[in-house]
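J.: The structure under discussion is supplied below as structure tokens; questions concerning it will follow.
The values are calculated or read from the model by the stated rules, or taken from the named source; none is laboratory data. Remember, it's a predicted structure, so these values are computed and weren't measured experimentally. Every residue, glycine as well, gets a Cβ built from its backbone with ideal geometry; the counts of neighbours run over all protein chains shown. Side chains included, ligands, DNA and RNA excluded: accessible areas come from the protein's heavy atoms. Shrake-Rupley method; radii C 1.70, N 1.55, O 1.52, S 1.80 Å.
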Amino acid sequence: MGTNLTIGKAINAGLRAAMEHDPKVLMMGEDVGRLGGVFRVTDGLYKDFGADRVIDTPLAESGIVGTAIGMAMRGYRPVVEIQFDGFFFPAANQTFTQLAKMRRRSAGKLAMPVVMRIPYGGGIGAVEHHSESPEAYFQHTAGLRVVTVANPEDAYWMIQQAIRSDDPVIFLEPKRRYYEKTEVDTEASIHEVTPLGSARVARPGTDCTLLAYGPMVKTALQAAEADTDHSIEVIDVRSLSPVDYPTITASVKRTGRLVVAHEATLTGGPGAEIAARVTEECFYHLESPVIRVAAFDTPYPQSRLEEHYLPDLDRVLDGVDRAFAY
Amino acid sequence: MRRVDSEAITLQRQGELGLWVSLLGQEAAQIGSGRALRDRDMAFPSYREHGVAWCRGIQPKELLSMFRGASNGGWDPHEHGFHLYTIVIGSQALHATGYAMGVQRDGAVGEDGTAVISYFGDGATSQGDTNEAFNFASVNNAPVVFFCQNNQWAISEPLERQSRVPIYRRAAGFGFPGVRVDGNDVLACLAVTRAALDNARTGNGPTLVEAFTYRMGAHTTNDDPTRYRDKAELDEWKAKDPILRVRRYLEANGLADEAFFTAVDEESDRVGETVRTQCRSMPDPEPLDIFHEVYAEPNVHIDQQRAEFADYLSSFEGAGAEGGR
Ligand SMILES: Cc1ncc(C[n+]2csc(CCOP(=O)(O)OP(=O)(O)O)c2C)c(N)n1
Ligand SMILES: [Mg+2]
């Protein structure tokens, strides 16, 4: 049975299902209560679950994540919302020095089932600090799981899987795709849907593998459609930590080419890590170097320049062409 | 300023601006405090301080350019004694404090000294940076004034979600004076801020000024306040409109006549017209601007990417408007 949902509404429905399933699940963040969040992702939850479970916090990200850690120690499963990607940084200390390390420091005595939801990425014409792609910082940090969704189905199920995980999960929401709508099977079993850590072949192909995640999956699919000369396989990475390498390397071994596209900046971005790993594991199968299509190594520019800054359809196709130039 | 604000809201609705952050209702707090500053003083705004910007000689078109997405602000903070807008809540309170510590080390504290002011909202008082700034300023007796515009809302969250005590009382715990002023009374804001700045510039340390006011508009043009606050509250504050109040004051005391108000209206029509035309005719930045001013020194990554991108762009030349394919 399916319901038509946008990505934003699917996350909302997933949060609701998680709160109904487990009374220990609660929401925390700025404006998540009465307003339902600036993107309305927690819409209606305050009304139905009350102020004890949907907490409008003071305006302090370090405070939000720090108190979520304490709540988790007390047996709760906090889902914190960071209002925009660029406002995660005040919480960096609590996230990197405390949240990520608590299990290891406590020799496994303390679980940290905290989910940090962050709307991320550009393309919405916003002012500074509202269009960042900080995933590489998280991917680089041991102890965090990092996932991101590209369609309503994954949005609905992955948020619930993230909440059930006993590890801290950074849950990245592609804000410019919040309003993309498709059918979601809300009746499936959480135990049968694709696991949280798996990549997904979004479009099969034979000549080149094109990796993307979050907001870039749609662009990658459009590029694969547009390139009528080649058969391109698109993989939605879904989990950036851990990365599902078996799915990726199996594809690359068949196609012999890999292009990785993301909105994060090039240097030290997820594409660099994936390229290194795929080169190690698929060296004899590669027909070309792994090509990265990423944002430039500059601060995110003012919005009138973002169409040039963000990898778009043409830039992705240019990357594919570069792979075929070998 | 109110006219600039309403023009900007309209321009945003017409798609000329990406966003606008209205100062409606906070004009007295901003103009009063802004006029208390001396030329060499330094102000650190958040993102709503268009009235202070005006006092510091920033042209409205520079603010519009930021909210249009054509620049990141771009005025020279030193030239105007007015730092760029800071969007990450609370950050600028520490910058102001550090700047004030520099002023101290320059020996620029004294009778004719320099003072620094940091603006922020009620929500910002929850942020670690703001509280750290209070403490750094206090421990160093820095010549800084913390000017909090308590407009009673942080997006959808009312003041009770940020503070259980009146904001001005926080200062006591850090060891410096805090005062609350009627933020809709422009002359009171001028007097209180001037006294606080003079205290700072003469070496008597920081003050927290809480200007008690009200955000009469939406948080930004993206916001819909009907989702979280009552119209009755807004109506109550509309009656305390700071511009209405100053007008009544001038009239009651015979300080201005009808001709004065007509002249003000005419001037604001002219400003409105200028704002509209300047905004609509603002050119987009060049694509290669992306690579400008990232580092002081030449940088190999940037240089290489700029060159590659320039080649990439030129590969579309002659290929038609939609690009190369
Ligand atoms: C560190 C950080 N977190 C969140 C935000 C998003 N945000 C923008 S304005 C705002 C509310 C600010 O309220 P207040 O400090 O009272 O200032 P006001 O907008 O009322 O002038 C929030 C949460 C931000 N800009 N920076
Ligand atoms: Mg406020």
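J.: At 7 Å along the Cα-to-beta-carbon direction for both B:Ala191 and B:Glu79, put a label point, then send me their distance in nm to one decimal.
T.: Distance between the two pseudo-spin positions: 3.7 nm.
J.: Another question, if that's okay. Given a cut-off of 21 Å, name the pairs among A:Lys24/A:Lys181; A:Lys24/A:Lys175; A:Lys24/A:Lys47; A:Lys9/A:Lys175 whose C-alpha atoms lie farther apart than that in the structure shown.
T.: A:Lys24/A:Lys181; A:Lys24/A:Lys175, as the Cα separations exceed 21 Å there.
J.: Also, quick follow-up: With springs only between Cα atoms under 10 Å apart, run a GNM on chain A and tell me which of A:Tyr213, A:Tyr178, A:Tyr137 wobbles the most.
T.: Of A:Tyr213, A:Tyr178, A:Tyr137, the Gaussian network model singles out A:Tyr137 as fluctuating most.
J.: Restricting things to Cα coordinates, could you compute the convex hull volume per residue of the range B:55-111 in Å³?
T.: So the per-residue hull volume is 101 Å³.
J.: Something else about it: Helix A:270-282 against the longest principal axis of chain A: what's the angle in degrees, Cα atoms only, rounded to the nearest 10?
T.: Helix A:270-282 and the main axis of chain A meet at about 50 degrees.
J.: Further question on the same structure: In terms of solvent-accessible area of protein heavy atoms at a 1.4 angstrom probe, what is the ranking of A:His191, B:His292, highest value first?
T.: Highest to lowest solvent-accessible surface, that is A:His191, B:His292.
J.: Something else about it: Using only the heavy atoms of the protein chains and a 1.4 Å probe, how would B:Tyr119, B:Tyr47 rank by accessible area, largest first?
T.: From most accessible down to least: B:Tyr47, B:Tyr119.
J.: Quick check of the Kirkwood formula: for chain B, what is the inverse mean of 1/r over all pairs of different Cα atoms, in Å?
T.: Hydrodynamic radius (Kirkwood, Cα only) of chain B equals 21.4 Å.
J.: Accessible area of B:Ser314, 1.4 Å probe, to the nearest 10 Å²?
T.: 50 Å²
J.: Name the GluC sites (Glu not before Pro) in the range B:46-125 that are in a loop by DSSP and that have at most 15 other C-beta atoms within 10 Å, would you?
T.: Filter output for the range B:46-125: B:Glu111.
J.: Roughly how compact is the range A:200-324, stated as its Cα Rg over 2.2 N^0.38 Å to two decimals?
T.: 0.98
J.: List the trypsin sites (Lys or Arg not before Pro) within the range B:139-211 that fall in a DSSP loop (any state other than H, G, I, E or B) and whose Cβ has at most 14 other Cβ atoms within 10 Å.
T.: B:Arg164
J.: Provide the solvent-accessible area of A:Ile55, counting protein heavy atoms only and rolling a 1.4 Å probe, rounded to the nearest 10 Å².
T.: 30 Å²
J.: Show which lysines lie in cross-link reach of A:Lys253 when reach means a straight Cα distance below 26 angstrom and same-chain residues fewer than eight apart are skipped.
T.: Here the lysines satisfying the reach criterion relative to A:Lys253 are A:Lys218.
J.: Return a whole-number percent for the relative contact order of chain B, with Cα pairs under 8 Å and 6 or more residues apart as the contact set.
T.: Here the relative contact order equals 21 percent.
J.: Follow-up question, since we're still on this one. Based on the Kirkwood radius over alpha-carbon pairs, what is the Stokes-Einstein translational diffusion coefficient of the range B:220-325 at 10 °C with 1.306 mPa s viscosity, in µm²/s?
T.: 77 µm²/s
J.: Threshold 40 Å², probe 1.4 Å: give the residues of the range A:275-322, in number order, that are less accessible with all protein chains present than with their chain alone.
T.: A:Phe296, A:Asp297, A:Thr298, A:Gln302, A:Arg304, A:Leu305, A:His308, A:Asp314
J.: Separation between the A:Asp22 and A:Glu280 pseudo-spin-labels, each 7 Å from Cα along Cα→Cβ, expressed in nm?
T.: Roughly 3.2 nm, to one decimal.
J.: Please list, in chain and number order, the residues 5+ apart from B:Asn222 or on another chain whose amide H is under 5 Å from its amide H, with Hs placed from the backbone.
T.: Amide H to amide H, under 5 Å and 5 or more residues apart or across chains, B:Asn222 pairs with B:Trp20.
J.: A further question follows. A:Trp157: accessible area at probe 1.4 Å, nearest 10 Å²?
T.: About 10 Å², rounded to the nearest 10.
J.: Next question. Which FRET efficiency value, to the nearest 0.05, do you get for B:Asn253 and B:Arg38 by plugging their Cβ-Cβ distance into 1/(1 + (r/R0)^6) with R0 = 22 Å?
T.: According to the calculation, E is roughly 0.25.
J.: I would also like to ask the following. How large is the direction-averaged shadow of the alpha-carbon convex hull of the range B:194-262, in nm²?
T.: Average projection, Cα convex hull of the range B:194-262: 8.2 nm².
J.: Pick from A:Met116, A:Met71, A:Met28 the residue whose mean-square fluctuation is largest in a GNM of chain A, springs joining Cα atoms under 10 Å.
T.: Among A:Met116, A:Met71, A:Met28, the largest GNM mean-square fluctuation belongs to A:Met71.
J.: Something else now. Got the relative contact order for chain A handy, in percent, Cα pairs under 8 Å and 6 or more residues apart?
T.: 16 percent
J.: Roughly speaking, to the nearest percent, how much of the range A:200-324's 1.4 Å accessible area is carbon and sulfur?
T.: Roughly 49 percent of what the probe reaches on the range A:200-324 is carbon or sulfur.
J.: Rolling a 1.4 Å sphere over the protein heavy atoms, what is the accessible area per residue of the range A:1-109, to the nearest Å²?
T.: Here the residues of the range A:1-109 average 41 Å² of exposed surface.
J.: Inverting the mean 1/r over all pairs of different Cα atoms, compute the Kirkwood radius of chain A and quote it in Å.
T.: 20.0 Å
J.: I'd like the orientation of helix B:258-280 relative to chain B: the angle between its Cα long axis and the longest Cα principal axis, in ° from 0 to 90, rounded to 10.
T.: 30 degrees
J.: How large is log10 I(q)/I(0) at q = 0.15, 0.19 Å⁻¹ when the Debye formula is applied to the Cα atoms of the range A:3-184, each weighted equally and without solvent?
T.: The Cα Debye sum returns log10 ratios of -0.79, -1.33.
J.: State the Kirkwood hydrodynamic radius of the protein assembly as shown in Å, one decimal place, computed from all pairs of distinct Cα atoms.
T.: About 26.7 Å, per the Kirkwood formula over Cα pairs.
J.: Please list B:Ile31, B:Ile58 in order of solvent-accessible area, largest first, computed with a 1.4 Å probe with all protein chains present.
T.: B:Ile31, B:Ile58
J.: When only DSSP loop residues count, what GluC sites (Glu not before Pro) in the range A:140-238 have their Cβ near at most 14 other Cβ atoms within 10 Å?
T.: A:Glu187, A:Glu192
J.: Cα centroid distance between the range B:1-45 and the range B:293-315, in Å?
T.: 36 Å
J.: For the range A:1-90, what ratio Rg/Rh do Cα atoms give with a Kirkwood hydrodynamic radius?
T.: Rounded to two decimals, Rg over Rh is 0.97.
J.: Over all directions, what mean area does the Cα convex hull of the range A:108-233 project, stated in square nanometres?
T.: Projected area, direction-averaged: 9.8 nm².
J.: How tilted is helix A:313-324 with respect to the longest principal axis of chain A? Cα atoms for both, answer in degrees (0 to 90, nearest 10).
T.: So the helix axis and the longest Cα principal axis differ by about 50 degrees.
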